[in-house]
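Below is one structure, written out as structure tokens; the observations come after it.
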Amino acid sequence: MPQLEQFIPPLDTVLVPPADRAVDPAPDATVHDVIARMRALDAALPAADGIAVFNRVYLAVTEEVDRRIDTGRFPDARAARTLDLRFAERYLAAVDAAEADRRPPACWRPLFQMRRHPGVRPLQFALAGINAHIGHDLALAVVDACRDLGCEPADLADEYERVGDLLVALEERVREELMPGPDLLQIADPLTHLLGSWSLERARDATWTAARALWALRRLPDVAEEFTERLDTAVGFAGRMLLTPLRD
């Protein structure tokens, strides 16, 4: 498909560390640090860039989570901050890999490869990023947070649900804001069918199951790595479907 070559970076690059390993944060990293990084990305990237589209969505989520933590909306503020930080670090690690000409995890590759494709609509970029971050990164972030806090996934269930509820509400807002108007969106429009095939709520439920499975497999590193690779690949495949170029 030579017409896509300009959108796809070379694949003969260095692999990132295995995805089941915890992402090492910067010393004394905070949620405010990752918010500052996302704001810098927002200022630096062209507005129509696919990463910029997702980054704006995720920045809004992270800022809202931070506000809710600060106002006592999470019963365990330390657990909520740890999960939020570890979650954001996974996305920023993928950005860092791409900027350094390394391959990001498979779940993120479709978005980085198609980020400037003129046939992909902003809503597709947003949902492909949400798919990668929820379907893959969140499960690993739960495991990372459990290691940091010395707890079990069940101990983070409340924080997980509260963040998940916020994400679902934001997804609805994103669909409303980025969906083409009624004059463009007909029942036969391919975008209608494409986006109807993916659900954040189903992805969130599957991610919680994946997180619990990874935690149970933590003493079987070979099996855990294989499980993580298959999860990464499956989420990446869904991302490619979401980013199918569509005609205007």
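The values are calculated or read from the model by the stated rules, or taken from the named source; none is laboratory data. Just so it is clear, the structure is predicted and the values come from calculations on it, not from any experiment. Using ideal geometry, Cβ is built from the backbone for each residue, glycine included, and neighbour counts are taken over all protein chains shown. When the accessible area is computed, the model is the full protein with side chains, heavy atoms only, and any ligands, DNA or RNA have been set aside. Shrake-Rupley method; radii C 1.70, N 1.55, O 1.52, S 1.80 Å.
3J(HN,Hα) couplings calculated from phi for the stretch 81-86 with the Karplus curve 6.51 cos²θ - 1.76 cosθ + 1.60 (θ = phi - 60°) are, in sequence order, 5, 4, 5, 4, 5, 4 Hz; Gly and Pro show x. Neighbours of Arg67, meaning other residues whose beta-carbon lies under 14 angstrom from its beta-carbon, give a summed charge of -1 when Lys and Arg score +1 and Asp and Glu score -1. Size descriptors for the stretch 78-149: radius of gyration and Dmax over Cα atoms are 13.4, 44 Å. Note on the stretch 39-169: with neighbouring protein chains present and a 1.4 Å probe, carbon and sulfur make up 50 percent of its accessible heavy-atom surface.
Rg ratio for the stretch 37-174: its Cα radius of gyration over 2.2 N^0.38 Å, N being its residue count, equals 1.05.
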